[in-house]
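Structure first, then comments.
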Amino acid sequence: MSRIFSGIQPSGELHIGNYLGAVRNWVRLQHEFESIFCVVDYHAITLPYEPDMLRERRHAMAVSLLAAGIDPNVCTLFVQSQVPEHTELAWFFNTITPLGELERQTQFKEKSQRQESVAAGILNYPVLQAADILLYRADTVPVGEDQVQHLELSRVVARKWNSMFGRRTGRTLDDGTEEREAFFPEPQALLTPTRRIMGLDGHAKMSKSMGNTIALLETPEQIWAKLRPAVTDPKRIKRTDPGTPEVCNIYHLHKAFSPPETVEHVAHMCRTAGWGCIDCKKVLAESMETELVPIRRRAAELAADPSRVDDALASGAAHCRAIARETIDAARERMGF
Ligand code: SF4
(Lines give C-alpha, C1' and ligand atoms only; values in the text may rest on other atoms or scores of the structure.)
Protein backbone atom coordinates (compact mmCIF):
# COMPACT_ATOMS: atom_id res chain seq x y z
CA MET A 1 0.00 0.00 0.00
CA SER A 2 1.34 3.45 -0.93
CA ARG A 3 2.16 5.73 1.97
CA ILE A 4 0.78 9.28 2.10
CA PHE A 5 1.86 12.11 4.34
CA SER A 6 0.10 15.41 4.88
CA GLY A 7 0.34 18.12 7.50
CA ILE A 8 -1.78 20.94 8.86
CA GLN A 9 -0.74 23.95 10.93
CA PRO A 10 -2.03 24.12 14.52
CA SER A 11 -4.21 27.14 13.85
CA GLY A 12 -6.76 26.06 16.50
CA GLU A 13 -10.19 24.77 15.61
CA LEU A 14 -10.63 23.75 11.96
CA HIS A 15 -12.74 26.01 9.77
CA ILE A 16 -14.79 24.80 6.86
CA GLY A 17 -12.14 26.02 4.39
CA ASN A 18 -9.46 23.65 5.66
CA TYR A 19 -12.06 20.95 6.35
CA LEU A 20 -13.30 20.96 2.74
CA GLY A 21 -9.91 21.76 1.23
CA ALA A 22 -7.94 19.06 3.03
CA VAL A 23 -9.31 17.16 5.99
CA ARG A 24 -12.49 15.74 4.47
CA ASN A 25 -10.26 14.32 1.74
CA TRP A 26 -7.91 12.82 4.36
CA VAL A 27 -10.87 11.07 6.03
CA ARG A 28 -11.54 9.27 2.73
CA LEU A 29 -7.88 8.63 1.90
CA GLN A 30 -7.11 7.02 5.27
CA HIS A 31 -8.99 3.94 4.02
CA GLU A 32 -7.13 3.83 0.69
CA PHE A 33 -3.50 4.51 1.71
CA GLU A 34 -1.19 3.93 4.63
CA SER A 35 -1.80 7.43 5.94
CA ILE A 36 0.30 9.65 8.21
CA PHE A 37 -1.23 12.99 9.21
CA CYS A 38 0.69 15.55 11.19
CA VAL A 39 0.00 18.72 13.15
CA VAL A 40 3.01 20.70 11.96
CA ASP A 41 3.79 22.89 14.96
CA TYR A 42 7.45 23.51 13.96
CA HIS A 43 6.09 25.24 10.85
CA ALA A 44 3.79 27.38 12.97
CA ILE A 45 6.71 29.09 14.75
CA THR A 46 8.13 30.67 11.58
CA LEU A 47 5.85 33.64 12.33
CA PRO A 48 5.59 35.45 15.71
CA TYR A 49 3.48 33.46 18.22
CA GLU A 50 2.56 33.08 21.90
CA PRO A 51 3.79 29.78 23.46
CA ASP A 52 0.58 29.25 25.50
CA MET A 53 -1.51 29.92 22.43
CA LEU A 54 0.53 27.37 20.47
CA ARG A 55 -0.20 24.70 23.10
CA GLU A 56 -3.91 25.50 23.06
CA ARG A 57 -4.18 25.59 19.30
CA ARG A 58 -2.28 22.35 18.86
CA HIS A 59 -4.75 20.56 21.14
CA ALA A 60 -7.76 22.23 19.50
CA MET A 61 -6.53 21.17 16.06
CA ALA A 62 -6.09 17.57 17.20
CA VAL A 63 -9.64 17.58 18.64
CA SER A 64 -11.01 18.98 15.37
CA LEU A 65 -9.19 16.40 13.26
CA LEU A 66 -10.40 13.49 15.36
CA ALA A 67 -13.93 14.89 15.47
CA ALA A 68 -13.89 15.38 11.70
CA GLY A 69 -13.28 11.65 11.23
CA ILE A 70 -9.52 11.09 11.32
CA ASP A 71 -9.47 7.67 12.95
CA PRO A 72 -6.29 6.74 14.87
CA ASN A 73 -7.23 3.07 14.52
CA VAL A 74 -7.04 3.38 10.74
CA CYS A 75 -4.27 5.97 10.20
CA THR A 76 -1.53 7.71 12.17
CA LEU A 77 -2.03 11.17 13.66
CA PHE A 78 0.79 12.88 15.52
CA VAL A 79 2.39 16.21 16.39
CA GLN A 80 5.56 17.11 14.47
CA SER A 81 7.52 18.39 17.49
CA GLN A 82 7.13 14.98 19.18
CA VAL A 83 9.39 13.48 16.50
CA PRO A 84 12.64 15.52 16.59
CA GLU A 85 14.06 13.65 13.59
CA HIS A 86 12.10 16.10 11.39
CA THR A 87 14.58 18.85 12.17
CA GLU A 88 17.63 16.62 11.83
CA LEU A 89 16.63 15.59 8.32
CA ALA A 90 15.70 19.20 7.52
CA TRP A 91 19.27 20.23 8.40
CA PHE A 92 20.72 17.55 6.12
CA PHE A 93 18.48 18.82 3.32
CA ASN A 94 19.35 22.47 4.06
CA THR A 95 22.95 21.71 3.23
CA ILE A 96 22.10 20.60 -0.32
CA THR A 97 19.10 22.78 -1.25
CA PRO A 98 20.01 25.53 -3.73
CA LEU A 99 19.28 28.98 -2.26
CA GLY A 100 17.80 30.14 -5.58
CA GLU A 101 15.15 27.39 -5.41
CA LEU A 102 14.03 28.69 -2.01
CA GLU A 103 14.05 32.35 -2.98
CA ARG A 104 11.78 31.78 -5.95
CA GLN A 105 9.04 30.06 -3.91
CA THR A 106 5.85 32.10 -4.26
CA GLN A 107 4.89 31.67 -0.61
CA PHE A 108 8.29 32.96 0.53
CA LYS A 109 7.92 36.03 -1.66
CA GLU A 110 4.41 36.72 -0.34
CA LYS A 111 5.23 36.14 3.33
CA SER A 112 8.52 38.04 3.25
CA GLN A 113 6.86 41.07 1.66
CA ARG A 114 4.56 41.32 4.67
CA GLN A 115 7.45 41.33 7.20
CA GLU A 116 9.89 44.05 8.11
CA SER A 117 12.50 41.52 9.19
CA VAL A 118 12.36 38.12 7.53
CA ALA A 119 13.37 35.07 9.60
CA ALA A 120 15.43 32.38 7.88
CA GLY A 121 12.72 29.91 8.93
CA ILE A 122 10.35 31.44 6.39
CA LEU A 123 12.88 30.85 3.63
CA ASN A 124 13.63 27.32 4.83
CA TYR A 125 10.00 26.35 5.45
CA PRO A 126 9.78 24.16 2.29
CA VAL A 127 12.97 22.33 3.29
CA LEU A 128 11.31 21.30 6.56
CA GLN A 129 8.29 20.30 4.49
CA ALA A 130 10.53 18.10 2.33
CA ALA A 131 11.91 16.53 5.50
CA ASP A 132 8.38 15.95 6.86
CA ILE A 133 7.44 13.98 3.76
CA LEU A 134 10.71 12.18 3.07
CA LEU A 135 11.31 11.17 6.69
CA TYR A 136 8.49 8.67 6.12
CA ARG A 137 9.58 8.04 2.52
CA ALA A 138 6.01 8.88 1.52
CA ASP A 139 5.45 8.58 -2.21
CA THR A 140 2.16 10.49 -2.36
CA VAL A 141 1.13 13.80 -0.82
CA PRO A 142 -2.45 15.12 -0.86
CA VAL A 143 -2.11 18.85 -1.54
CA GLY A 144 -4.06 21.88 -2.65
CA GLU A 145 -2.90 23.72 -5.77
CA ASP A 146 -1.06 26.34 -3.69
CA GLN A 147 1.27 23.63 -2.30
CA VAL A 148 2.32 22.11 -5.63
CA GLN A 149 5.43 24.31 -5.89
CA HIS A 150 6.63 23.25 -2.44
CA LEU A 151 6.12 19.62 -3.35
CA GLU A 152 8.20 20.11 -6.48
CA LEU A 153 10.99 21.33 -4.19
CA SER A 154 10.70 18.08 -2.20
CA ARG A 155 11.26 16.18 -5.42
CA VAL A 156 14.31 18.32 -6.24
CA VAL A 157 15.73 17.66 -2.76
CA ALA A 158 15.07 13.90 -2.97
CA ARG A 159 16.69 13.69 -6.40
CA LYS A 160 19.72 15.69 -5.34
CA TRP A 161 20.24 13.79 -2.10
CA ASN A 162 19.88 10.43 -3.89
CA SER A 163 22.42 11.47 -6.54
CA MET A 164 24.92 12.51 -3.86
CA PHE A 165 24.43 9.89 -1.16
CA GLY A 166 22.35 7.00 -2.56
CA ARG A 167 24.32 3.75 -2.67
CA ARG A 168 25.93 2.95 -6.00
CA THR A 169 24.03 0.18 -7.77
CA GLY A 170 26.96 -0.81 -10.02
CA ARG A 171 24.97 -0.05 -13.19
CA THR A 172 26.02 2.63 -15.67
CA LEU A 173 23.43 5.10 -16.94
CA ASP A 174 23.09 6.26 -20.59
CA ASP A 175 24.95 9.50 -19.76
CA GLY A 176 27.94 7.47 -18.53
CA THR A 177 27.41 8.19 -14.83
CA GLU A 178 26.98 5.50 -12.23
CA GLU A 179 23.42 4.83 -11.07
CA ARG A 180 22.55 5.47 -7.43
CA GLU A 181 19.72 3.96 -5.41
CA ALA A 182 16.61 6.12 -5.06
CA PHE A 183 16.64 6.00 -1.26
CA PHE A 184 14.13 8.82 -1.00
CA PRO A 185 11.13 8.50 -3.36
CA GLU A 186 10.18 11.59 -5.37
CA PRO A 187 6.72 12.23 -3.90
CA GLN A 188 3.82 12.80 -6.26
CA ALA A 189 0.96 15.26 -5.68
CA LEU A 190 -2.54 13.98 -5.15
CA LEU A 191 -4.57 17.10 -5.83
CA THR A 192 -7.45 17.76 -3.45
CA PRO A 193 -10.69 17.48 -5.48
CA THR A 194 -12.41 20.45 -3.79
CA ARG A 195 -11.63 23.79 -5.40
CA ARG A 196 -10.22 26.60 -3.27
CA ILE A 197 -12.82 27.64 -0.73
CA MET A 198 -13.43 31.37 -0.75
CA GLY A 199 -14.23 33.26 2.45
CA LEU A 200 -17.72 34.55 3.26
CA ASP A 201 -16.61 37.97 2.01
CA GLY A 202 -16.40 36.36 -1.45
CA HIS A 203 -13.03 38.03 -2.13
CA ALA A 204 -10.19 36.13 -0.46
CA LYS A 205 -9.42 32.51 0.33
CA MET A 206 -11.15 31.38 3.52
CA SER A 207 -8.61 31.98 6.27
CA LYS A 208 -8.72 32.59 10.00
CA SER A 209 -6.49 35.66 9.74
CA MET A 210 -8.94 37.24 7.26
CA GLY A 211 -11.88 36.69 9.66
CA ASN A 212 -14.02 35.30 6.81
CA THR A 213 -14.45 31.73 8.04
CA ILE A 214 -17.01 29.47 9.70
CA ALA A 215 -15.39 27.27 12.35
CA LEU A 216 -16.27 23.60 12.13
CA LEU A 217 -17.62 23.48 15.67
CA GLU A 218 -19.71 26.64 15.66
CA THR A 219 -23.37 26.36 16.72
CA PRO A 220 -26.18 26.56 14.14
CA GLU A 221 -27.00 30.08 15.42
CA GLN A 222 -23.38 31.23 15.00
CA ILE A 223 -23.23 29.71 11.51
CA TRP A 224 -26.47 31.40 10.44
CA ALA A 225 -25.27 34.76 11.80
CA LYS A 226 -22.32 34.46 9.39
CA LEU A 227 -24.15 32.91 6.42
CA ARG A 228 -26.99 35.42 6.40
CA PRO A 229 -24.87 38.47 5.41
CA ALA A 230 -22.39 36.45 3.28
CA VAL A 231 -21.61 37.81 -0.18
CA THR A 232 -23.50 36.22 -3.11
CA ASP A 233 -23.67 36.96 -6.86
CA PRO A 234 -22.87 40.70 -6.85
CA LYS A 235 -25.09 41.29 -9.91
CA ARG A 236 -28.15 39.92 -8.14
CA ILE A 237 -29.34 43.12 -6.51
CA LYS A 238 -33.11 42.54 -6.27
CA ARG A 239 -35.03 39.38 -5.37
CA THR A 240 -36.45 39.36 -8.93
CA ASP A 241 -33.00 39.49 -10.62
CA PRO A 242 -31.93 36.13 -12.09
CA GLY A 243 -28.52 35.07 -10.69
CA THR A 244 -25.46 33.23 -11.95
CA PRO A 245 -24.73 30.43 -9.47
CA GLU A 246 -21.22 29.77 -10.82
CA VAL A 247 -20.00 33.17 -9.57
CA CYS A 248 -21.61 32.76 -6.14
CA ASN A 249 -19.68 31.40 -3.18
CA ILE A 250 -22.89 30.11 -1.57
CA TYR A 251 -23.47 27.92 -4.62
CA HIS A 252 -19.95 26.47 -4.29
CA LEU A 253 -20.63 25.74 -0.61
CA HIS A 254 -23.83 23.96 -1.71
CA LYS A 255 -21.69 21.86 -4.03
CA ALA A 256 -19.54 20.91 -1.05
CA PHE A 257 -22.33 20.22 1.44
CA SER A 258 -25.64 19.57 -0.38
CA PRO A 259 -26.69 16.43 -2.26
CA PRO A 260 -26.53 16.66 -6.11
CA GLU A 261 -30.31 17.03 -6.52
CA THR A 262 -30.29 20.02 -4.15
CA VAL A 263 -27.36 21.59 -6.03
CA GLU A 264 -29.34 21.24 -9.27
CA HIS A 265 -32.40 22.78 -7.62
CA VAL A 266 -30.30 25.67 -6.26
CA ALA A 267 -28.89 26.43 -9.73
CA HIS A 268 -32.37 26.36 -11.28
CA MET A 269 -33.98 28.55 -8.61
CA CYS A 270 -31.10 31.02 -8.83
CA ARG A 271 -31.15 31.33 -12.62
CA THR A 272 -34.93 31.77 -12.73
CA ALA A 273 -35.11 34.11 -9.72
CA GLY A 274 -37.36 31.46 -8.21
CA TRP A 275 -36.20 32.30 -4.70
CA GLY A 276 -34.18 34.83 -2.79
CA CYS A 277 -30.63 34.43 -1.54
CA ILE A 278 -31.85 34.07 2.05
CA ASP A 279 -34.00 31.05 1.02
CA CYS A 280 -30.95 29.59 -0.69
CA LYS A 281 -28.77 30.15 2.37
CA LYS A 282 -31.36 28.52 4.66
CA VAL A 283 -31.14 25.34 2.58
CA LEU A 284 -27.33 25.52 2.76
CA ALA A 285 -27.48 25.90 6.55
CA GLU A 286 -29.61 22.72 6.72
CA SER A 287 -27.16 20.78 4.52
CA MET A 288 -24.25 21.94 6.66
CA GLU A 289 -26.07 20.86 9.81
CA THR A 290 -26.48 17.33 8.44
CA GLU A 291 -22.71 17.04 8.06
CA LEU A 292 -21.63 19.02 11.10
CA VAL A 293 -23.92 17.55 13.81
CA PRO A 294 -21.95 14.26 14.18
CA ILE A 295 -18.66 16.21 14.11
CA ARG A 296 -19.82 18.48 16.94
CA ARG A 297 -21.03 15.45 18.90
CA ARG A 298 -17.63 13.71 18.60
CA ALA A 299 -15.84 16.95 19.57
CA ALA A 300 -17.98 17.22 22.72
CA GLU A 301 -17.12 13.62 23.64
CA LEU A 302 -13.40 14.33 23.16
CA ALA A 303 -13.62 17.53 25.19
CA ALA A 304 -15.10 15.50 28.05
CA ASP A 305 -12.22 13.01 27.88
CA PRO A 306 -9.00 14.85 26.85
CA SER A 307 -6.87 11.77 27.60
CA ARG A 308 -8.31 10.15 24.45
CA VAL A 309 -6.71 12.91 22.37
CA ASP A 310 -3.39 12.70 24.23
CA ASP A 311 -3.33 8.90 23.93
CA ALA A 312 -4.03 9.03 20.18
CA LEU A 313 -1.23 11.58 19.64
CA ALA A 314 1.22 9.67 21.87
CA SER A 315 0.67 6.41 20.04
CA GLY A 316 0.92 8.21 16.67
CA ALA A 317 4.23 9.79 17.72
CA ALA A 318 5.62 6.44 18.91
CA HIS A 319 4.75 4.82 15.58
CA CYS A 320 6.29 7.72 13.62
CA ARG A 321 9.45 7.86 15.75
CA ALA A 322 10.18 4.23 14.88
CA ILE A 323 9.88 4.91 11.12
CA ALA A 324 11.76 8.21 11.42
CA ARG A 325 14.64 6.64 13.36
CA GLU A 326 15.10 3.99 10.70
CA THR A 327 15.23 6.63 7.93
CA ILE A 328 17.59 8.89 9.86
CA ASP A 329 19.94 6.02 10.75
CA ALA A 330 20.14 5.00 7.09
CA ALA A 331 20.61 8.62 5.95
CA ARG A 332 23.30 9.27 8.56
CA GLU A 333 25.20 6.16 7.57
CA ARG A 334 25.10 7.12 3.86
CA MET A 335 26.19 10.69 4.68
CA GLY A 336 29.23 9.57 6.66
CA PHE A 337 28.05 9.96 10.26
FE1 SF4 B 1 -26.06 32.62 -4.72
FE2 SF4 B 1 -28.17 31.19 -4.08
FE3 SF4 B 1 -28.35 33.83 -4.29
FE4 SF4 B 1 -28.02 32.36 -6.45
S5 SF4 B 1 -29.79 32.33 -5.08
S6 SF4 B 1 -26.92 34.24 -5.95
S7 SF4 B 1 -26.69 30.70 -5.66
S8 SF4 B 1 -27.16 32.70 -2.78
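Restricted to segment 1-87, the set of helices (runs of 4 or more DSSP H) holding at least 3 residues that are open to solvent by 60 Å² or more (accessible area, probe 1.4 Å) comprises 51-68.
Have a look at 71, 52 and point out the one that is acidic (Asp, Glu) and under 22 Å from the mean Cα position of the chain (by Cα). Show your work before the answer.
Values: 52 fails: under 22 Å from the mean Cα position of the chain (by Cα).
Among 71, 52, only 71 is acidic (Asp, Glu) and under 22 Å from the mean Cα position of the chain (by Cα).
Counting only residues that are farther than 20 Å from residue 74 by Cβ and exposed (fewer than 15 other Cβ atoms within 10 Å of the Cβ), segment 308-329 holds 3 of them.
From the list 17, 69, 21, the lone residue that is at positive phi and touching a residue at least 60 places away in the same chain (Cβ under 8 Å) is 69. Only residues that are surrounded by fewer than 15 Cβ atoms within 10 Å (Cβ to Cβ) and assigned to a loop (DSSP other than H, G, I, E, B) were counted in segment 97-120, giving 7.
Would you mind stating whether residue 22 is over 21 Å from residue 121 (Cβ atoms) and at pLDDT below 95? Spelling it out, residue 22 is indeed over 21 Å from residue 121 (Cβ atoms) and at pLDDT below 95. Restricting attention to segment 230-268, the residues that are at pLDDT 95 or above, away from the ligand (no atom under 11 Å from the Cβ) and open to solvent by 60 Å² or more (accessible area, probe 1.4 Å) add up to 3. For residue 170, the test of being open to solvent by less than 70 Å² (accessible area, probe 1.4 Å) and either under 30 Å from residue 233 (Cα atoms) or free of Cβ contacts under 8 Å to residues at least 12 places away in the same chain (or both) is passed. Quick one: would you say residue 196 is of a type in the set (D, E, K, R) and in contact with a helix residue (DSSP H, G or I) (Cβ under 9 Å, 6 or more places away or on another chain)? For residue 196, the condition - of a type in the set (D, E, K, R) and in contact with a helix residue (DSSP H, G or I) (Cβ under 9 Å, 6 or more places away or on another chain) - is met.
The single condition among (1) over 25 Å from residue 205 (Cβ atoms); (2) not in a helix (DSSP H, G or I) that residue 243 does not satisfy is (1). Residues that are open to solvent by 20 Å² or more (accessible area, probe 1.4 Å) and more than 14 Å from the ligand (Cβ to nearest atom) within segment 269-295 comprise 289, 290, 291, 293, 294, listed in sequence order.
The values are calculated or read from the model by the stated rules, or taken from the named source; none is laboratory data. Note that the structure is predicted; figures quoted are calculated from it, not measured. Ideal geometry is used to build each Cβ from the backbone, glycine not excepted, and the neighbour counts take in all protein chains shown. Ligands, DNA and RNA are stripped out before the accessible areas are found, and what is left, the full protein with its side chains, is counted by its heavy atoms. Shrake-Rupley method; radii C 1.70, N 1.55, O 1.52, S 1.80 Å.
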